[in-house]
Amino acid sequence: MERVKNLKYQLAFIQSLVLIIVSLKLKVLSIEDMSFKFWGSLAVIIFLNLKFADGLVKLLIWKSKRVRNYLFKSNHIEGYWLMKCTCPGDKENFFSESVAEIRFNPEKSDFDIFPYRLNNHITRSLNFRVDIRNRSCSNEFEFYNPHLCKGFSNGTFHFSSAKNELDFYSGVINIEGEKGIILQQGVRVPDLDIHFFTNKYGLNWRNVLINEHHRYLN
């Protein structure tokens, strides 16, 4: 993502500038000696700092939610979302209410999604993509119902009134080889609520949250 790349380049530039200044002060490098050694050393410093900055940015993103909030600002979508579908016939049982965790993956500079349902129907994401600038996402996935099926979803994240972060989702799901669409909506569950459910209900907290989805979804 663009902001991740920019942060990496900013860190590499600052580190390189500091090392060059220190090297000039210690006379390891001389600005008067514009030889191959000078330019070669400069290239090595920049290259190593880019590598170091890349690892540092990944570590900061992985460890610090504050850094992730800084990078994505109001467009940050990381967290737990309650999802609800409106669909016809035999798909209604499968696409029941679910809890989806959206988590940033610094290795691929994109987000991963991990859905959970009470009915134990496993949905495996094959290609989840987020466009932060347009506040949209798409997901290619597969599931068994009862045979192996493939689906594709796409939608947009929104701000509800008086909110300074994205907290509402609306989209559609298409099932390969079938007509019609499945409407999908979701709401972000506040972090404080997640802490409450996890502390009170332990490993069973997702089940309880889904059973109380009416508190968040109409």
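Selection over segment 85-96 of residues that are at pLDDT 80 or above and either surrounded by fewer than 20 Cβ atoms within 10 Å (Cβ to Cβ) or small (G, A, S) (or both) gives a count of 1. Taking the conditions exactly as written (in the same structural domain as I102 (by TED's automatic domain parsing), part of a helix (DSSP H, G or I) and at positive phi), does G180 satisfy them or not? So G180 does not fit the description; no. Restricting F143, F196 to those that are within 30 Å of S109 (Cβ to Cβ), assigned by TED's automatic domain parsing to the domain that holds F95 and of a type in the set (F, W, Y) reduces the list to F143. Condition first: of a type in the set (D, E) and either within 17 Å of I102 (Cβ to Cβ) or in contact (Cβ under 8 Å) with a residue 60 or more places away in the chain (or both). Now tell me which residues in segment 191-218 satisfy that. D191, D193, listed by residue number.
Residues considered: S136, S125, S153. Of these, the only one that is without any contact (Cβ under 8 Å) to a residue 40 or more places away in the chain and within 19 Å of C87 (Cα to Cα) is S153. Here N134 clears all of (1) modelled with pLDDT under 85; (2) exposed (fewer than 14 other Cβ atoms within 10 Å of the Cβ) except the condition numbered (1). Among the residues of segment 98-114, the ones that are of a type outside the set (A, V, I, L, M, F, W, C), in contact (Cβ under 8 Å) with a residue 24 or more places away in the chain and over 22 Å from T86 (Cβ atoms) come to 5 in all.
Looking across G151, G155, G171, one residue alone is under 15 Å from R117 (Cβ atoms) and part of a strand (DSSP E or B). It is G151.
The values are calculated or read from the model by the stated rules, or taken from the named source; none is laboratory data. Everything numeric in this text was worked out from a predicted model, so none of it was measured. Heads up, the Cβs are rebuilt from the backbone with ideal geometry, glycines too, and the neighbour counts pull from every protein chain shown.
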